[in-house]
Amino acid sequence: MKPEYLDAAATTPVDPRVLEVMLPYFSEIFGNASSNHIYGKNSKKAVDTARQQVARLLNVNDSEIYFTSGATEAINWALKGFLEANPEKGNHIITVKTEHKAVLNTCEYLETKGYEVTYLDVDPNGLISLDDLKTSITTQTSLICVMLVNNEIGVIQDIAGISKIASENNIALFTDATQAIGHMSVNISELNTDMLCLSAHKFGGPKGIGALYIRNGIKVAPLLHGGGQEKGLRGGTYNTPLIIGLGKAAELAFNELESRIKLLLQKREEITAYYEQNEIGTVNFKDVQTAPHILSITLKNQEAEDFLLMNSKKFIASTGSACSSGIVEVSHVLKAIVCESFVQKYIRISI
């Protein structure tokens, strides 16, 4: 028996229905979607359908969806591309200390290019203060970057409230929604964000494909120059099989979201009851909104590494430390919220 997989925030298996629709595009419908003949047109038609499927999931126009290799590329493109295309708007960015490393490392790079970055603190629940956001805005602030769902603790930021502040100050808002898509409703008309990214492998799609939503009218410079794909904004031959996979995963998420959330919440309640009734640990962040699929748990009597090793034949989950390039580091998210000694007792269960 394989251990139960409870690390879905890291990645998910490809849904068999997604794989099924992808397979013909590796060998049977293999044309280059940019080619102006029947083979290319068949591929292009499928790419257009996938774009529509992603757009419907977000409740946007399909002309606002751009395919990328994943969320990391989309984040780099959104931040670098917006600043390059809009120098007149200013050189100041506001983000959060608990953002994904793809955001933080991109911002650190931008600082070396002369941009100024404000990294907002979070409260004990991992949320920013809207008052702090307001006071951080300067006449040079051109972009605010705040994720919807934190990948390590699952808390949901008030993107609608943040977007209101951004709009009132004529500032663009970018949102990393990678951990939200497929697990909760993500409606752009409600969030009112200007740019948003997602990655297929977080919700039953293949790795290596994602998308960037760019609101019509928002100027973004290309990150990848090439053959003029994606309206000249993202060069490179269309990865048709993976795009088809993303589209199908988006379609399934749209059609099944209500039932998925119901199952996730049911499983979440079972896990919470098991840990707390047996006095193994306490589920954190109960006083704020969290995504249904991510539970942050503080163990009572064991360190996380020992606990997960002891239970490794039963289930797989994550600790409060992350391994990057072979080096184990304490999570920057947890360091921003709790003292380092508590981090050793943290585990993340993601359904």
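Miscellaneous remarks
One line per residue, one yes/no per condition, for (1) exposed (fewer than 15 other Cβ atoms within 10 Å of the Cβ); (2) closer than 15 Å to A249 by Cβ; (3) out of contact with any Pro (no Cβ under 6 Å at 6 or more places or on another chain):
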{"site": "K2", "(1), (2), (3)": "yes, no, yes"}
{"site": "T12", "(1), (2), (3)": "no, yes, yes"}
{"site": "S27", "(1), (2), (3)": "yes, no, yes"}
{"site": "A33", "(1), (2), (3)": "no, no, yes"}
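- Selection status of G232, in a loop (DSSP other than H, G, I, E, B), at positive phi, free of Cβ contacts under 8 Å to residues at least 24 places away in the same chain and surrounded by fewer than 22 Cβ atoms within 10 Å (Cβ to Cβ): yes
- Single residue of the range 307-331 satisfying the filter (modelled with pLDDT under 95, surrounded by 11 or more Cβ atoms within 10 Å (Cβ to Cβ) and part of a loop (DSSP other than H, G, I, E, B)) that is nearest to the chain's Cα centre (by Cα): S331
- Test: residue in the range 188-203 that is among the basic types (K, R), assigned to a loop (DSSP other than H, G, I, E, B) and not assigned by TED's automatic domain parsing to the domain that holds I337: no
The values are calculated or read from the model by the stated rules, or taken from the named source; none is laboratory data. Keep in mind that this is a model prediction, so the values were computed, not measured. Quick reminder, even Gly has a Cβ in these numbers, built from the backbone with ideal geometry, and neighbours come from all protein chains shown.
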